[in-house]
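For reference, the structure is listed below as structure tokens.
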């Protein structure tokens, strides 16, 4: 079965959202662990503030979640999403005889 254009668009959008979430989470992790903002470093702006311990803990946990998502996200889909079943017929001497079945 061929995937439609809408399915392909959904898959691309899902991957883009995952990449953005991972980048954001890693940035939060950098803030939590090192009090360093990657986005500020790249694009400038923002003032250097003292961050509370609780905020840094939350940033760190979100950062670790982003790393976990990056490592476990299903980046590739299997080509075949449907499964087929096969029936195996047992043949051989005595397999269909009534005397083999005991009550």
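Please work out which residue is farthest from the chain's Cα centre (by Cα), limiting yourself to the stretch 1-11 and to residues that are free of Cβ contacts under 8 Å to residues at least 60 places away in the same chain and part of a helix (DSSP H, G or I).
Looking at the filtered set, the residue picked out is 5.
Please go through the stretch 12-62 and give me each residue that is surrounded by fewer than 13 Cβ atoms within 10 Å (Cβ to Cβ), outside any helix (DSSP H, G or I) and at pLDDT 85 or above, ordered by number.
Listed by number, the list holds a single entry, 36.
The values are calculated or read from the model by the stated rules, or taken from the named source; none is laboratory data. As the structure is a computational prediction, the values presented were derived from the model and not from experiment. All Cβ positions, glycine included, derive from the backbone under ideal geometry; neighbour counts span all protein chains shown.
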